[in-house]
Amino acid sequence: MAAPASEPDRLLTFAIAGRAFAVDLASIVEVIRYRPPTPVPGADPGVEGILPLRGRMVTVIDARRRLALPARETASPAQVIVVREDGELVGLVVDAVTGVAAAAGEAREPLPGALGVSRPEVYRGVLRRGAEYTLLLDLEKVLQGGAARGATRADEGPRPPSGGGA
Amino acid sequence: MAESELDRHERERLKRDFLPEAEEILDALAGDLRGLDRSLATERVSPADINTIFRRVHSLKGLAGMAGLQAITDLAHDLEELLDRLRMGRTALAPPVLELLEDALETLFRMVREVAETGATSLEASAVRGRLRASGGPGPCGPDAPSLDALDPAIRAALSEFQEHRLREALEQGRAVVVIRLRLPGEGFEPALKEALGRLHGEAEVISTVPSAEPGSEGTLNFAILVVSGAAGAASLAERLRGLPAAVEPLEIPAPRGAAGAAEGPVTLEAEDLKGFSTSLRVPVARLDDLLAQVADLSIAAASLARATARAREAHPEERSVREAEQGVRELAARLRTLQRSAVDARLMPLEQVFGRLGRLVARTARASGKEVDLHTLGGENELDKAMMDRLVSPLVHLVANALDHGVEPPEERLAAGKSRRGRLVLSAFRRGNRVVIDVSDDGRGIVVEAVQGRARSSGLLGEDRVLSRQEAYEMIFAAGFSTAGRVSQVSGRGVGLDVVRRSIRALKGTIEARSVERQGTTFTVTVPITLALVQALIVRSRGRRFAIPVASIRENLRLDASRLRTVGREEVYDLPQGPLRLLRLDAVMPGGAPPEDQDPPRYAVVAGAPGRAVGILIDGFVGHQEVVVKPIGRRLRDLPGLAGATDLGDATAVLVLDPEALAAGEDDGRAGV
């Protein structure tokens, strides 16, 4: 594991629900345009489904759900940040990728309580430029899903019949 | 920090260069020893067989020497010495010697495994080495071994034990040893050295290249190349090296031995040996995975190109260039399919490998439990995907161990029952469509239905008054909690952890079944797909969604007649002439489809599952039939039973691939044994 002291030097910045976020650029494979993934029954809430990408399957995760933000409007455009995680591809759905920023020169600060985010454990702090904050996300934790959510994992096995005929 | 980086690098190198080949040699040796065991039983040991073993051990020693694994080199050396004595008839092959050979092989396996895990060996193997050396005959440096005293001490000091041995061997065979001294500029010496070695190639065997910097020769580097020449002598080597700053010195070493050794056919190291004994190329599996993914990607690109040309033709039906483009795309797609199949085939390996490993297990387990067993293998040439093979080893080991522990009887019991003293364990494989069927059969006690019944009752799996049919008994042994409840060897003679075995086979989209004849033996039949990567699939439609169903798992497709649909309790069934067929709504097991557009009864069913347990999966319609690359879905999603993976049919959306057998079995599991 990397030493915790090392600051991410290059960040990918993006917007969700009007807020600015950033993640470490190093783990990112690519950014693709959002298309509706194929849902997989029994998946965790927040896992939208799977998308094929160059012969492999990407597990698509809704960042809004993971950050407890309001759901996206159905037809609104979005992008998927594709990350390699233990040899698998995982995609995080965000509203729009805004660019790449260097972390150097910007002060990283602890998360101010006044921001009132719902899941403080997934943030590594904020980057402040003047009066603007960029929330620095711990990608691994966001993708893992919350601990609270883990307990309510959808139980395995088939659902009861959805009462089609009769 | 830098050192650990280096260590890692070294480990990687070992993994790449040493491990795969060492493993292959050890596996082959295991098979050889098994053969020896058999021929020893019939007292027909052929010297040629021992010679083969000798050569393999020799190759292993060379390999370990090159990898700098001294402990393995040493043990292989001692083992080789013993084999040499066996080969020359100086030591007789008796059961204790065979056991010693097996122990040495087992130790080598352990050492290699340790190398795989840690990158080095800590095992000294001194006990086995001691036994090897004490097993008669002269030690590694026999009194009549050729002396290397004539060799320049500086060169000799730089030789590894292995190189020295090679040298001795060459001398014993009466071949000429030559020292070639090269004097090269210190900077940029490499091209000239390469050139020299290149010219020697094929003409002489290079034992070692020893660099030295002599005092007073600033700016130059000296190399001594120690070679064993083939038919050509020193003069011809000098001729070959003409134009290079080389001096060729033949080494005068008196041949110490008579022709005795040569007459008995010593192992000679010819160019053939140095080539390596395999014509195959070792490729990391990950690279093959990437290749397959890239080919699949290419096919998808071709599919969208095909759609574009089809649209163009609709728009311009008269345009000749459009028709040509369409034709070209069609040919491209056909060639890509061939390429895809080749990419899948590249991952296939013969089952022989696993069979060989199991053989090693059989010899040792049998001896440990006081039993005598011959292993026979059939159909080892059948191939399986590498990933499938790796995951199949452990269940097969389980089945073999089980057969030895509980199936095959001790010799006295067998004789008393009128059977041959030695038990017979058969591993056989054959191909059925795109599946491989592997049978593990023994000629032991068999499965005793009453014993299974008693055990099932006492472990609470069966009501006291329930009676098991023969077929039910064969199912019961796979039930969780059946075998783990206690020792079963005296009771049924069967069943340690068979539920675990079944679960791992199912995870491979395979099946396992048992059948037995009391007192005559038991056969476990394992059926697995050759590959999980590429399958023929039927594409079906259900509630606005598409699913792919592997054709291999489909027994038949039915067009339903609404009048034969009925509901029994909470189950929907369909009446067939041979009896009612249980129906399964895809919606129920794969929820999330669009709401039904109409209330029409379902029109089609895909029938899957073993006879007697078949289910009909209800679908709305058929979309097509094609070969699909089944991709794993991420670990967040893969736990859903009945899902084999996902595929891309070429339109950039994922289609779920069903595993109908697991769907049928999953439905069934709940009621098994009730």
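One table, with the values for the structure above:
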item: Within the range B:469-489, tally of residues that are modelled with pLDDT under 85 and not polar (S, T, N, Q); result: 8
item: Residues that are within 14 Å of another protein chain (Cβ to nearest Cβ), outside any strand (DSSP E or B) and in contact (Cβ under 8 Å) with a residue 60 or more places away in the chain, drawn from the range A:18-52; result: A:PRO41, A:GLY42, A:ALA43, A:ASP44, A:PRO45, A:GLY46
item: B:LEU82 modelled with pLDDT of 85 or more and assigned to a helix (DSSP H, G or I); result: yes
item: Yes/no for B:ARG337 being among the basic types (Lys, Arg), in contact (Cβ under 8 Å) with a residue 60 or more places away in the chain and surrounded by fewer than 17 Cβ atoms within 10 Å (Cβ to Cβ); result: yes
item: Residues being within 14 Å of chain B (Cβ to nearest Cβ) and open to solvent by 20 Å² or more (accessible area, probe 1.4 Å) - total across the range A:63-75; result: 1
item: Residues within the range B:652-665 that are in a loop (DSSP other than H, G, I, E, B), facing another protein chain (nearest Cβ under 9 Å) and in contact (Cβ under 8 Å) with a residue 12 or more places away in the chain, tallied; result: 1
item: Those residues of the range B:41-70 which are open to solvent by 20 Å² or more (accessible area, probe 1.4 Å) and touching a Ser or Thr at 6+ places or on another chain (Cβ under 6 Å), in sequence order; result: B:VAL45, B:GLY65
item: Among residues of the range B:422-467, those that are in a strand (DSSP E or B) and among the small types (Gly, Ala, Ser), counted; result: 4
item: When residues of the range B:23-69 are limited to those that are assigned to a helix (DSSP H, G or I) and without any contact (Cβ under 8 Å) to a residue 24 or more places away in the chain, the one nearest to B:ARG166 (Cα to Cα); result: B:THR52
item: Hits in the range B:556-567 (condition: open to solvent by 40 Å² or more (accessible area, probe 1.4 Å) and either part of a helix (DSSP H, G or I) or away from chain A (no Cβ under 14 Å) (or both)); result: B:GLU556, B:ASN557, B:ARG559, B:ASP561, B:ALA562, B:SER563, B:ARG564
item: Of residues in the range B:568-602 being away from chain A (no Cβ under 12 Å) and outside any strand (DSSP E or B), the one modelled with the highest pLDDT; result: B:PRO577
item: Meets criteria (over 30 Å from B:ALA552 (Cβ atoms) and either open to solvent by 20 Å² or more (accessible area, probe 1.4 Å) or assigned to a loop (DSSP other than H, G, I, E, B) (or both)) for B:LEU415; result: yes
item: Hits in the range B:501-555 (condition: of a type in the set (S, T, N, Q) and part of a loop (DSSP other than H, G, I, E, B)); result: B:GLN520, B:THR531
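The values are calculated or read from the model by the stated rules, or taken from the named source; none is laboratory data. Remember, it's a predicted structure, so these values are computed and weren't measured experimentally. Methodologically, a virtual Cβ is constructed for each residue, glycine included, from the backbone with ideal geometry; neighbour enumeration extends over all protein chains shown. The accessibility values were calculated without ligands, DNA or RNA, using every heavy atom of the protein model including side chains. Shrake-Rupley method; radii C 1.70, N 1.55, O 1.52, S 1.80 Å.
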